[in-house]
Amino acid sequence: MTNPSQLAEPITGFYCGNDSKSKEVVNQILHDFGWKDTFDLGEISMSRYTEMLGAFWVPVYGKLGNMNWGFKLVRDLKKK
């Protein structure tokens, strides 16, 4: 989390919450850590989906033997 630039391509930092000011702070903290791509998933109930990603890390770590990878959300930035 604190060194996202260690990978060859930017990965996506996901966040969510019910307080818009807090989300702005979290987004800024992520950018301060070096995240070039962040994505606001919406209200706190969306955290269940980011938690599901946590379960995915276990088998990938088992296959790769390291944590030097991440998720990248590829999207059409021209469309909203």
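What the table below lists for this structure:
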| item | result |
| --- | --- |
| Selection count where residues are of a type in the set (A, V, I, L, M, F, W, C) and in contact with a strand residue (DSSP E or B) (Cβ under 6 Å, 6 or more places away or on another chain), scope region 39-58 | 2 |
| G54 vs. criteria out of contact with any Gly (no Cβ under 7 Å at 6 or more places or on another chain), exposed (fewer than 12 other Cβ atoms within 10 Å of the Cβ) and modelled with pLDDT of 95 or more | no |
| Lone unmet requirement of (1) more than 17 Å from D76 (Cα to Cα); (2) in contact with a Phe, Trp or Tyr (Cβ under 9 Å, 6 or more places away or on another chain) for Q28 | (2) |
| Residues satisfying the stated conditions in region 1-20, i.e. of a type in the set (S, T, Y) and loosely packed, with under 10 Cβ neighbours inside 10 Å | T2, S20 |
| Any pair with Cβ under 9 angstrom, 6 or more apart, that starts in region 57-80 at a residue that is farther than 15 Å from G13 by Cβ and in contact (Cβ under 8 Å) with a residue 60 or more places away in the chain and ends at one that is part of a helix (DSSP H, G or I) and not hydrophobic (A, V, I, L, M, F, W, C) | N68/Q6 |
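The values are calculated or read from the model by the stated rules, or taken from the named source; none is laboratory data. All values reported here derive from a predicted model rather than from experimental measurement. Glycine gets a Cβ as well: all are built from the backbone with ideal geometry, and neighbour counts include every protein chain shown.
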